[in-house]
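Enquirer: If you scroll down you'll find the structure; I have some questions about it.
No lab work stands behind these numbers, since they all come straight from the coordinates. Because the structure is predicted, anything quoted here is derived from the model rather than measured. Because the Cβ atoms are built from the backbone with ideal geometry, glycine has one as well, and the counts that use them run over all protein chains shown.
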Amino acid sequence: MRRELTSWYSPSLGKEMPIASYGHYGFALLLIPTAAADYLEYERFQMMDALAPLIDSGKMRVFSINSINTESWMNNEMLPEHKAIRQNQFNEYVFNEVIPFIRNSTSQETMIFTSGASFGALHAMNLFLKKPDLINGVISMSGVYDLTEYTKGYWDDQVYFNSPIHYIPNLNDQWYHDKIKSSHHIHIYTGSGSYEDPEANKRFSQVLWDKGIWHELEVWGPDINHDWPTWRTMLPYIIDTKF
């Protein structure tokens with residue numbers, strides 16, 4: 001498997017941001033880390049090994065970036081409004097820097113899908129829903145789609161606009177609505193075991209159905225826990241059988 005590491009100084013975030021890529025051909029899968037993790041998290045937890053047959057066959061090329069959650073919602077030293085500002089800067093980093101980098105590394109026609117587990121699932125979903133003209137779909141695993149789960153009671157317009165379960169019910173822009181609906185790859189997966197929240201996934205699924213947005217929801221059994229063995233099973237399964 002071809003593995004490449006690079007980085008650049010991000011104007012959006014004001015810091016050096018590394019990115020890893022794996023593979024050489026196929027659609028692009030952009031991985032968003034869990035919680036406070038970095039761009040090599042998926043590699044450390046053997047996700048790349050689990051995806052290797054799909055990568056080596058040329059079905060997809062994987063890109064993995066850093067999270068900045070420790071500089072936003074998971075930083076207890078920051079003012080809440082500054083956390084929201086940092087969240088938006090992260091979004092701009094992905095839209096204005098990472099997506100063009102992927103396009104330049106592949107082609108202008110390459111399909112790009114976001115994916116993440118746990119807190120990364122919320123980010124992956126939010127990025128797709130905010131820019132369905134740049135991102136073609138999403139695979140979210142073991143997520144919740146309510147940002148207030150992480151904001152410690154803080155609420156403002158920027159929390160609202162980064163919390164899919166809040167802004168999707170009020171989505172009235174027909175262009176965005178049609179772009180989201182045109183995706184054939186909105187996959188929401190969760191287990192029912194320890195630290196999973198299947199009800200949160202069902203609630204968000206209903207929000208999407210209420211807006212006429214087709215998607216796939218799968219809730220796996222009580223033996224499926226909120227942990228890496230689950231995601232190493234889920235992600236290869238979804239890509240192998242749904243793409």
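Enquirer: Could you grab the relative contact order for the chain? Cα pairs under 8 Å, six or more apart, rounded to a whole percent.
Expert: 16
Enquirer: Find out how many positive minus negative residues lie around T34, taking Lys and Arg as positive, Asp and Glu as negative, among other residues whose Cβ is under 11 Å from that of T34.
Expert: -3
Enquirer: Label the chain by shape, choosing from rounded, prolate and oblate, from the square roots a ≥ b ≥ c of the eigenvalues of the Cα gyration tensor; if a/c is under 1.5 it is rounded, and otherwise prolate applies when a/b is larger than b/c, oblate when it is not.
Expert: Here the chain falls in the rounded category.
Enquirer: How many lysine pairs in the stretch 3-242, separated by 8 or more positions in sequence or lying on different chains, have Cα atoms less than 14 Å apart?
Expert: Step by step, the pairs that qualify in the stretch 3-242 add up to 8.
Enquirer: Let me ask another. Select from the stretch 85-141 those GluC sites (Glu not before Pro) which occupy a DSSP coil region and have at most 13 other Cβ atoms within 10 Å, ordered by residue number.
Expert: E109
Enquirer: Further question: Compare the Cα positions of N75, V62, Y195 along the charge dipole of the stretch 3-242 (+1 at Cβ of Lys, Arg; -1 at Cβ of Asp, Glu; about the Cα centre) and return the one farthest towards the positive end.
Expert: V62
Enquirer: In the stretch 205-243, which trypsin sites (Lys or Arg not before Pro) are in a loop and have at most 16 other Cβ atoms within 10 Å, using DSSP for the loop call? Before the final figure, lay out each step's value.
Expert: Working: sites: K211, R232, K242; in loops: K211.
Loop-located and lightly packed - K211.
Enquirer: Separate question: Kindly write out, for the stretch 197-212 in residue order, the coupling ³J(HN,Hα) from the Karplus curve 6.51 cos²θ - 1.76 cosθ + 1.60 (θ = phi - 60°), rounded to whole Hz, with x marking Gly and Pro.
Expert: 9, x, 5, 4, 5, 5, 5, 5, 4, 5, 4, 5, 4, 4, 9, x
Enquirer: Right, here's the next one. Return K202, K131 ranked ascending by Cβ neighbour count within 10 Å, so the fewest neighbours appear first.
Expert: On the way: K202 14, K131 17.
If I rank by nearby Cβ atoms, fewest first, I get K202, K131.
Enquirer: Enter the per residue convex hull volume of the stretch 1-88, computed from alpha-carbon coordinates, in Å³ rounded to the nearest integer.
Expert: Values: hull volume 8.3 nm³, N = 88.
Taking the convex hull of the Cα positions in the stretch 1-88, it is 94 Å³ per residue.
Enquirer: If each residue of separation counts as 0.36 nm, what is the full-extension length gain between T6 and Y176 once their alpha-carbon separation is subtracted?
Expert: 57.9 nm
Enquirer: Would you tally the net charge around S7, using a Cβ to Cβ cut-off of less than 13 Å, leaving S7 out, and scoring K and R as +1, D and E as -1? Mind showing how you got there, number by number?
Expert: Details: positive: K15; negative: E4, E16, D38, E97.
That works out to -3.
Enquirer: Something else about it: Assigning unit charges at the beta carbon (Lys, Arg +1; Asp, Glu -1) and nothing else, what dipole magnitude in debye, to the nearest 20, does the stretch 123-232 show about its Cα centre? All intermediate terms of the calculation are to be shown ahead of the outcome.
Expert: Numbers: 9 positive and 15 negative charges, 54 e Å.
In total the dipole reaches around 260 debye.
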